[in-house]
1. Most exposed first by the Cβ proxy, i.e. fewest other Cβ within 10 Å, how do 476, 67 rank?
2. Would you compute, from DSSP H runs of 4+ residues alone, the mean residue ellipticity of the chain at 222 nm, taking -39500 (n - 2.57) per run and dividing by the full residue count, rounded to the nearest 500?
3. For each of 4, 244, 82, count neighbouring Cβ atoms within 10 Å of the residue's Cβ, then give the residues from fewest to most.
4. Considering only 482, 459, 27, whose Cα is most displaced toward the positive end of the charge dipole of the chain, charges sitting on Cβ of Lys, Arg (+1) and Asp, Glu (-1)?
5. Using a basic spin-label model with each label point 7 Å from the Cα along Cα→Cβ, how many nm lie between residue 477 and residue 307?
6. When only Cα pairs under 8 Å and 6 or more residues apart are kept, what is the percent relative contact order across the chain?
7. At 7 Å along the Cα-to-beta-carbon direction for both residue 501 and residue 245, put a label point, then send me their distance in nm to one decimal.
8. FRET efficiency for residue 273 and residue 195, Cβ-Cβ distance as r, R0 = 41 Å, nearest 0.05?
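Each reported figure results from applying straightforward, stated rules to the coordinates on display, with no laboratory input. Treat the numbers as computed from the prediction; the structure is a model and nothing was measured. Note that each Cβ is placed from the backbone with ideal geometry, even for glycine, and that neighbours are counted across all protein chains shown.
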Amino acid sequence: INKDDGKLVMAHMYVAFISLFIGGLMGVLQTMVRSGTFTLPFGIGYYQILTVHGVILALVLTTFFIVGFQFALMSKTVGMSDQQRESAWFGYWIMLFGTITTAITILVGKANVLYTFYAPLKAYPTFYIGLALVVIGSWIACFTNFRQLALWKKHHPGEKSPLLAYMVVINMLLWFIATLGLAATVLIQFIPWSLGMVDTINVLVSRTLFWYFGHPLVYFWLLPAYMAWYAIIPKIIGGKIFSDSLARLAFVLFLMFSIPVGFHHQLTEPGIDPLWKFIQVVLTFMVIIPSLLTAFSMFATFELAGRSKGYTSLFGWFKALPWKDVRFFAPMAGMITFIPAGTGGIINASHQMNQVIHNTIWVTGHFHLTVGTTVILTFFGISYWLIPSLTGRRLTKKVNTLGMIQTFVWMIGMFIMSGSMHIAGLLGAPRRSSYSEYGGSEQATEWIGYQISQAIGGSILFIGIILMVYIFFYMVFAAPKGYTEFPMAEVSENAEPTPKFLENWKLWIGITIALILFAYTVPFIDMLHHSPPGSPGFEDLIR
Ligand code: HAS
């Protein structure tokens, strides 16, 4: 892609990979504290490092990587004008400034509130102001992407938009609609409360607005991985996109169903009528469908690629896949992980089973498989070709081999860590807790072995992080100069033509808004009418 656009994308990538290192270091320290074998030095609190870990990995790394990757895709497919590039840089600096503000607040111990910043836990105002700036910066990226596609459409009347640009726009629409909830709670509730302008906060409303944002957030992470699975992996395996329409349909379904489902994070919360919890659980089961469509589509893509190479037996296509190519292998490891990870999600969403796992470390196991493996291994898989193609270097054999080792290390570390988290969760071990013997409770003794395995898995993962950060800097500064392909697949000639209505933005945005209003209006009115008095804040109570 254009050199100037490349610089913009790389600026995002530096923040993402530095965040990976800092966040990963905090992660391994956490598992060590929880194992009971290690105490943090210099009076550093457990919740301080837990907050750094959550915010920097779940919010900073993801947002910067995704916004950067999406700019690369837009630049490649629909182009970027000078003016758009300027606005993209403006958004970047605002996001970076917000990140630094939030990071400083956490590091000086004034925001021990975890990434979900659940009221009544209270942080210093700059924590919330910094996060609000990250969101505002990302909105500038959203509108830049919308403008890029709009301009392209203007110059290509009647033409179907490029698949990857269409996907980016859906993801940014999803992000924009979802972050309105976050902006509302931060601007109307958290900032005035933390500044002392009001004494109390309505906890239920703040958590509801958080989860209105918090669930689509996980699809904002997932969809860029799906972009690579649908439109880049087929090229890497020497195949074609199975169906352009199916890919677009899956993305539209994510837009519609990923937002009106936040209550599945609040199933144990009092003050929400069970009927509305039930309705949102049904909608949660709807948002599983596009992932099942994706699984189907990936199998079809693999099989067609194998058959086109002459493999005829039932599972012959399996052998035709380029298992030794890290650009394929890392995302494929992510896909395979998504089978148990997604199954775990379905368990979480099932109301009765949620009572068993909610607030246990099972949930932590779930999201380390989903975002911490499926998504992040796909992002690593993207980096192996994206970074050298932007820096004008070659994806060498050395990078390929190190990347393969990195993927194995990650899978082993995650299998041990996340596996023990799932089991300990079923045995009742709570999440978000430091090491404790719980007053000599017999049940708690069952958890200790699993907590030690989490530390072992976490340490293996940290080796994986060091390796990945090394590979990143090697690809940027040391790999031999040369050309690396930016792979983009074509649609299979046997696919049906894409119907025009898939690009009817008014229709999809209209249905999305209608579903949100349906799922949230009545419960929200209930909350405002029947809420208990607001809560004062708790600061620095947990360390
Ligand atoms: Fe989740 C909690 C339900 C997916 C992330 N989730 C979380 C939290 C995070 C998170 C971060 O209903 C914790 C938040 C917190 O801090 O409290 N989740 C679901 C459901 C899905 C799901 C139904 N989650 C994700 C994804 C995430 C993510 C994706 C990040 C990226 N989750 C929940 C619920 C909770 C929850 C409850 C709250 C629990 C509680 O009580 O606190 C679904 O979207 C999953 C659908 C996925 C599938 C898998 C399809 C498989 C595919 C792979 C195909 C493989 C191929 C390779 C082709 C059905 C697409 C084959 C090759 C071979 C060789 C075999």
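1. On the way: 476 17, 67 29.
Listing 476, 67 from fewest to most nearby Cβ atoms yields 476, 67.
2. On the way: 19 runs with 371 residues, N = 543.
The helix contribution divided over the chain gives -23500 deg cm²/dmol.
3. Details: 4 12, 244 21, 82 7.
Ordered from fewest to most neighbouring Cβ atoms within 10 Å, 4, 244, 82 come out as 82, 4, 244.
4. Looking along the dipole axis, the top candidate is 482.
5. 5.0
6. Working: 827 pairs, mean separation 108.0, N = 543.
It rounds to 20 percent for the chain.
7. 1.1
8. Numbers: r = 33 Å, r/R0 = 0.81.
The pair residue 273/residue 195 has a calculated efficiency of 0.80.
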